[in-house]
Amino acid sequence: MSEVKTGAGKTVLAVVVAGIWVGLCEFVRNQFLLVSQWQSHYQGMGLEFPAGPVNGMMWMLWSFLTAGTTFVISRRYNLWQTTVIAWVMGYVMMWVVIWNLAVLPMGTLPVAVPFSFVEALGAAFICRRLAKPAGA
């Protein structure tokens, strides 16, 4: 019985720490490194770049959902496979969608691509390190 509790505790810890990592990375990238590009792009469309508290809460929700799915993927795949799958599913697909909606400033990608890959790698590492998969 205590093994189940310990395993659940490690799972929660891994997802919470990975979620904080992802949220922090998103905040630094989009609110510090690339904010001027985002604001300029949105201004060119006659829109205001969404950066209010509700938007921040939605990004935190996204961060924890990303961490949770990364954790699940990390149970079956190794570190690099988990990283690539999580990165494609969480970031690349999002860029395709927001590019299709014409709200992606393409100039952000030279920073966003490597930064987000490191972000996905960090989340995968945290999930695998804090809650080792069976057989790892």
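Before moving on, here are some points about what is shown:
- Residue satisfying condition, being part of a loop (DSSP other than H, G, I, E, B), farther than 15 Å from G122 by Cα and of a type in the set (G, A, S), within set A51, A8: A51
- The residues of the range 103-118 that are closer than 16 Å to V84 by Cβ and in contact with a Lys or Arg (Cβ under 8 Å, 6 or more places away or on another chain), listed by number, are F115, S116.
- Annotation note: of P110, P53, the sole residue that is out of contact with any strand residue (DSSP E or B) (no Cβ under 9 Å at 6 or more places or on another chain) and modelled with pLDDT of 95 or more is P110.
- Scan of the range 7-48 for residues that are crowded, with 17+ Cβ neighbours inside 10 Å and either of a type in the set (K, R) or in contact with a His (Cβ under 8 Å, 6 or more places away or on another chain) (or both), ordered by number: R29
- First in the range 35-62 and in contact (Cβ under 8 Å) with a residue 12 or more places away in the chain, second anywhere and assigned to a helix (DSSP H, G or I) and surrounded by 12 or more Cβ atoms within 10 Å (Cβ to Cβ), Cβ under 6 Å, 6 or more apart: Q37/G107; Q37/T108; F49/W38; F49/Q39; F49/Y42; W59/E26; M60/G23
- F32 being of a type in the set (F, W, Y), free of Cβ contacts under 8 Å to residues at least 12 places away in the same chain and in a helix (DSSP H, G or I): yes
Each row is one residue, and each column tells you yes or no for (1) part of a helix (DSSP H, G or I); (2) more than 15 Å from the chain's Cα centre (by Cα); (3) farther than 27 Å from H41 by Cβ.
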| position | (1), (2), (3) |
| --- | --- |
| I73 | yes, no, yes |
| Y77 | no, yes, yes |
| A86 | yes, no, no |
| G90 | yes, no, no |
| F115 | yes, no, no |
| A120 | yes, no, no |
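The values are calculated or read from the model by the stated rules, or taken from the named source; none is laboratory data. Nothing here was measured: the structure is a model prediction, and the numbers come from that model. Reconstructed Cβ throughout: ideal geometry from the backbone, glycine too, with neighbour counts over all protein chains shown.
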